[in-house]
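Only one structure is covered here, and it is reproduced in the block below.
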């Protein structure tokens, strides 16, 4: 993946000088100041003929932040340079610095030539070939994007993080049945085959009717299980959302799901091109147990929510960009595999439903009501996948859904990453999960 | 020579036959209060973008900072792109820039005081309610555009938005509003909106509700605006006229006589009021539906030039709307509504629509976005409001969906009031209170 190997543009950034300048703002115990530098590139091959044939976006900028108690000040600029940095410092500082600090030079490497992504241009042909190979044909419009991001966080003293980089791809497939989106850490034959398989399955099930309102066994394939975990475990354990209902620390030790559920968030084991060793506040990431045998081990927290807490630890901060404030969010969820092989899962779910991928999910953090929408799936009969079923949704309270897990597949695989748009900050989330077997859950058309 | 002109020259030297260069600068202040504390952010944004075409291919390139003619342009791909002449959208009507474009952004203390006052006023309105979060954003921007076809434009914008979410036990309600500047928001008004929505959302299925009811309905502006937003496939873009024809009645009538729909990029006082659209062409008021008769969809200059059929069964020429919108400097312009609204009846107060409602529902807001089934011409939207008996609200109602066909909705409008209100959806969507028959309330999920 050569694009991910591009060197950091922040290699020559004088982090010490930035830290010294930030330290001028920190004049009370517990103050936290940091500077965030980012560079983004997006190359897009759009669908259709109405707009430009290729879109490329390149941007960079910085933000300076000061946290003091429950208050936060942020100043963000669309550009990186000494004047922009000094201006942002002035906006955020609460007092005039006691001594003048030389403005850092903030040398940033120039962009390396024109934006180009041949793998993006080649991808639609690969998908169409995959569809044809499956002896199917239907109108299909693909929008393919490559996303690259570099970031560097410098703190006023404690934070010394290395520059981070991410490279991944997003694809939106528009068919007469609707839109299907996918995220991939790489882009090539394997991903084209995966997408073609998904699209052809959806096409062949296009006339299937939605199941009647019903309770029974449901198998969530890894991609669907990943969305369930993201919505029902990760969001439910974000410190800022927990705080809507009370003290986030009170969640620790609460039994949230079946004992078969062991869930972690670990950005350091994400797919290689998006792997991280520090978060968007420059804090080292941790292999964080969210659920251990179904019981809450540790909520997701950032510097703001972990300040003064003995139970909440930072390292899970994410921000959509320099203009956004960081907030606790999962990055790469892992559901540890169980003991049920695929055949055993199907045998246990006789008469139930197999749901391969969720279109979307949502959680109401106050009521705990959770919704998961599916474009379709299959009935399970006699230990095998039988006739297709159409659109349906799974509805329930988080605790009830997670308690309904009666089996976990024995093969975890990278699955079901997607865009998360909490608080208007759209960002990718990744997952590694096996299939899940749920018993007695409510499915409605 | 300006940076934009230099950028156009550079593109010409690079072999592009036509191009357009756009630059935007803006400042905004964002203040928030929530369970985690308070925040104050100040943003300075600056970016630019070009669209360029050869005879065979085209590109869009956007970057942060000031325009740079010396960048390495990506290789164009796909299809050629057409650019408008300066008169592609017709002559511009006279327009003066509103004086409030000059007002300074809300100050940090001033904005935080407003948010604190909203929390206090909500406590007065509904002592058991909690303000979970409130955000106030106030911004101004300035854009310039130059094209090789002779379009040259400069325009400014001024807009403020307010978002808030409140809770009453497990019930939540949110309010999203946009005005031209932050000082036009009043804490008492905002608190009352939140309290009304919480009161409605705290209800359940109405007494004696068997899962379906076809009572008369009065839709508050928020419900009408969300429905209008869902109906944009029938009102915006080249395929809209055919879709509209499919839901018209046998006589070709699209909506009830009470319904007139307009899009107006120059709506006086509107949050997005501007002389120019995202391609630098003059904005205008475009009549889409007149007293129930479908006149034309909202079309870009390119769609009009391509000869899109303007009306249901009509043959008159459609007028281009000057309706290209850029979501930001990062995004290419696309045809989209600016202030799309149902024209109010200045003689009819909203209370008059409720007064003679013997039995029905006053629907205050949606609790999730509407779902439109274009193939079936049907919609459903979760709503909350009040059951009405003898013209008076009797009990709060939620957990229900408003359902029906698009035709029944449009032709079921019996009256529109004068209380036009806009909401920030895909553009500013506006509606007055409307009285509607022929639709159904169902228990959610049925």
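Would a scan of the stretch A:348-360 turn up a residue that is under 30 Å from residue B:171 (Cα atoms) and surrounded by fewer than 17 Cβ atoms within 10 Å (Cβ to Cβ)? Yes, the stretch A:348-360 has at least one match. Residue count for the stretch A:400-423 under the criterion of being within 23 Å of the chain's Cα centre (by Cα), more than 22 Å from residue A:347 (Cα to Cα) and away from chain B (no Cβ under 14 Å): the result is 7.
Here is a yes/no grid of residues against (1) more than 14 Å from chain A (Cβ to nearest Cβ); (2) under 18 Å from residue B:156 (Cβ atoms):
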residue	(1), (2)
B:76	no, no
B:79	no, no
B:82	no, no
B:87	yes, no
B:92	yes, yes
B:96	yes, yes
B:102	yes, yes
B:106	yes, yes
B:110	yes, no
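Scanning the stretch A:389-399 for residues that are within 14 Å of chain B (Cβ to nearest Cβ) and part of a strand (DSSP E or B), we see that the one that is farthest from residue A:371 (Cα to Cα) is A:392. If you go through the stretch B:261-270 and keep only what is surrounded by fewer than 24 Cβ atoms within 10 Å (Cβ to Cβ) and in a loop (DSSP other than H, G, I, E, B), you end up with B:266, B:267, B:268, B:269, B:270.
Just so you know, in the stretch A:69-85 the residues that are within 18 Å of residue A:20 (Cβ to Cβ) and touching a residue at least 40 places away in the same chain (Cβ under 8 Å) include one that is farthest from the other protein chains (Cβ to nearest Cβ), and it is A:85. Within the stretch A:46-68, being touching a strand residue (DSSP E or B) at 6+ places or on another chain (Cβ under 8 Å) and within 7 Å of chain B (Cβ to nearest Cβ) holds for A:51, A:52, A:53, A:54, A:55, A:56, A:57, A:58, A:59, A:60, A:61. Between B:238, B:258, B:246, B:291, the distinction of being in the same structural domain as residue B:429 (by TED's automatic domain parsing), surrounded by fewer than 21 Cβ atoms within 10 Å (Cβ to Cβ), out of contact with any strand residue (DSSP E or B) (no Cβ under 7 Å at 6 or more places or on another chain) and over 22 Å from residue B:373 (Cα atoms) belongs to B:291 only.
Within the stretch B:35-60, the set of residues being closer than 30 Å to residue A:240 by Cα and either more than 26 Å from the chain's Cα centre (by Cα) or free of Cβ contacts under 8 Å to residues at least 12 places away in the same chain (or both) comprises B:35, B:36, B:37, B:38, B:39, B:40. Residue count for the stretch A:120-140, restricted to those that are within 14 Å of chain B (Cβ to nearest Cβ), over 15 Å from residue A:184 (Cβ atoms) and in contact with a helix residue (DSSP H, G or I) (Cβ under 9 Å, 6 or more places away or on another chain): 1.
Within the stretch A:353-371, being within 20 Å of residue A:409 (Cα to Cα) and not in a loop (DSSP other than H, G, I, E, B) holds for A:353, A:354, A:355, A:358. Restricting attention to the stretch B:372-392, does a residue exist that is touching a strand residue (DSSP E or B) at 6+ places or on another chain (Cβ under 7 Å), surrounded by 22 or more Cβ atoms within 10 Å (Cβ to Cβ) and not in a strand (DSSP E or B)? Taking every residue of the stretch B:372-392 in turn, none turns out to be touching a strand residue (DSSP E or B) at 6+ places or on another chain (Cβ under 7 Å), surrounded by 22 or more Cβ atoms within 10 Å (Cβ to Cβ) and not in a strand (DSSP E or B).
Within the stretch A:395-440, the set of residues being farther than 20 Å from residue A:335 by Cα and in contact (Cβ under 8 Å) with a residue 40 or more places away in the chain comprises A:395, A:396, A:422, A:423, A:424, A:425, A:426, A:427, A:440. Across the stretch B:89-110, a minimum of one residue is classified as in the same structural domain as residue B:22 (by TED's automatic domain parsing) and on the phi > 0 side of the Ramachandran plot. In the stretch B:82-106, of all residues being in a loop (DSSP other than H, G, I, E, B) and without any contact (Cβ under 8 Å) to a residue 40 or more places away in the chain, the one that is nearest to residue B:304 (Cα to Cα) corresponds to B:87. Only residues that are surrounded by fewer than 16 Cβ atoms within 10 Å (Cβ to Cβ) and either under 27 Å from the mean Cα position of the chain (by Cα) or not in a loop (DSSP other than H, G, I, E, B) (or both) were counted in the stretch B:118-141, giving 3. Residue check: is residue A:288 crowded, with 18+ Cβ neighbours inside 10 Å and modelled with pLDDT under 95? Considered against the rule, which asks whether it is crowded, with 18+ Cβ neighbours inside 10 Å and modelled with pLDDT under 95, residue A:288 comes out as no.
If we scan the stretch A:424-445, do we find a residue that is crowded, with 16+ Cβ neighbours inside 10 Å, within 14 Å of another protein chain (Cβ to nearest Cβ) and not in a strand (DSSP E or B)? There is at least one residue in the stretch A:424-445 that is crowded, with 16+ Cβ neighbours inside 10 Å, within 14 Å of another protein chain (Cβ to nearest Cβ) and not in a strand (DSSP E or B). Only one entry of A:236, A:173 meets the criterion of being more than 14 Å from chain B (Cβ to nearest Cβ), without any contact (Cβ under 8 Å) to a residue 60 or more places away in the chain, under 30 Å from residue A:442 (Cα atoms) and in contact with a helix residue (DSSP H, G or I) (Cβ under 8 Å, 6 or more places away or on another chain), and that entry is A:173. If the condition is being in contact with a strand residue (DSSP E or B) (Cβ under 9 Å, 6 or more places away or on another chain), under 17 Å from residue A:359 (Cα atoms) and crowded, with 17+ Cβ neighbours inside 10 Å, then the stretch A:180-207 contributes A:180, A:182, A:183, A:184, A:195, A:198, A:199, A:201, A:202, A:203, A:205.
Looking at B:41, B:10, just one residue is within 7 Å of chain A (Cβ to nearest Cβ) and buried (at least 19 other Cβ atoms within 10 Å of the Cβ), and that residue is B:41. Scanning for something within 14 Å of chain A (Cβ to nearest Cβ), surrounded by fewer than 19 Cβ atoms within 10 Å (Cβ to Cβ) and over 18 Å from the mean Cα position of the chain (by Cα), does the stretch B:159-167 turn up at least one residue? Within the stretch B:159-167, none of the residues are within 14 Å of chain A (Cβ to nearest Cβ), surrounded by fewer than 19 Cβ atoms within 10 Å (Cβ to Cβ) and over 18 Å from the mean Cα position of the chain (by Cα). The C-beta contact set for the stretch A:109-123 (first residue closer than 19 Å to residue B:58 by Cα, second residue surrounded by fewer than 16 Cβ atoms within 10 Å (Cβ to Cβ), distance under 6 angstrom, 6+ apart or interchain) comprises A:113/B:72; A:114/B:72.
The values are calculated or read from the model by the stated rules, or taken from the named source; none is laboratory data. Here the structure is a predicted model, which means the values were calculated and not measured. Here Cβ is always computed from backbone atoms with ideal geometry, including for glycine, and neighbour counts include all displayed protein chains.
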